[in-house]
1. Looking only at the stretch 1-44, count every residue that is more than 23 Å from residue 88 (Cα to Cα), touching a residue at least 60 places away in the same chain (Cβ under 8 Å) and surrounded by 15 or more Cβ atoms within 10 Å (Cβ to Cβ) and tell me the total.
2. Tell me which strands (runs of 3 or more DSSP E) are completely within the stretch 107-181 and hold 1 or more residues being at pLDDT below 95, or say none if there are none.
3. For residue 191, are the conditions met, namely being over 24 Å from residue 87 (Cβ atoms), without any contact (Cβ under 8 Å) to a residue 12 or more places away in the chain and surrounded by fewer than 15 Cβ atoms within 10 Å (Cβ to Cβ)?
4. Only one residue in 73, 66, 56 is over 9 Å from the mean Cα position of the chain (by Cα) and in a strand (DSSP E or B). Which one?
5. In the stretch 1-19, how many residues are under 20 Å from residue 71 (Cβ atoms) and not in a helix (DSSP H, G or I)?
């Protein structure tokens, strides 16, 4: 299945990107929608889409501006995430986008003239190692500092300082992170003595330990708590 996904991504997804670094991985790439020009992604981008929750990376050309969407290296995007840029969305490395999160740098219509698009716009910038939580909404003009976390369902309308967790609507700081403790970033999965493929194989073996055809059939037709 991985080989089929790689071939599909190489044929149908990557040609739509202006640039893509090495080590990319797309799970269910048929549900990854790339729209518009000037979309660049760094090394080891991992994207996991599903039929029920496709992923959308979109740049809407804006007259008089060079609209763009740029993702750093070692980022991961989970099902249902949407990133839509009319001016600019730019992220650092090691950023994580949880399911159903939405980043948009525009209002998409003027609040008085509903025929005018994209309305007001302002760039979004994420620092390194930022985590956008499930169903969070990051609005135009927001800067999120290094290592910060946007909580699930938060609506971010103002800048987030580095090393800060924000939550709520509108999002407000709820906790400061201590950078002296140190952060383990996704890129370490690719720089250690164990390859990422070996890491995933070990993880899959753990998750599937004791699995068998009989147990799979039982889970499909006679499910119990254990299956």
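The values are calculated or read from the model by the stated rules, or taken from the named source; none is laboratory data. For clarity, every value in this text was computed on a predicted model and none was experimentally measured. So basically every Cβ, Gly included, is an ideal-geometry build from the backbone, and we count neighbours across all protein chains shown.
1. Of the residues in that region, 0 qualify.
2. Numbers: elements: 124-126, 164-167, 172-176.
Once the strands (runs of 3 or more DSSP E) in the stretch 107-181 are filtered for at least 1 residues that are at pLDDT below 95, nothing remains.
3. Here the answer is yes, as residue 191 does meet what is asked.
4. Numbers: 73 fails: in a strand (DSSP E or B); 66 fails: in a strand (DSSP E or B).
Answer to the check: 56.
5. Selection size over the stretch 1-19: 3.
Matching residues to (1) within 28 Å of residue 140 (Cα to Cα); (2) in contact with a helix residue (DSSP H, G or I) (Cβ under 6 Å, 6 or more places away or on another chain):
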{"position": "2", "(1), (2)": "no, no"}
{"position": "8", "(1), (2)": "no, yes"}
{"position": "11", "(1), (2)": "no, no"}
{"position": "14", "(1), (2)": "yes, no"}
{"position": "23", "(1), (2)": "no, no"}
{"position": "36", "(1), (2)": "yes, no"}
{"position": "48", "(1), (2)": "yes, no"}
{"position": "58", "(1), (2)": "yes, no"}
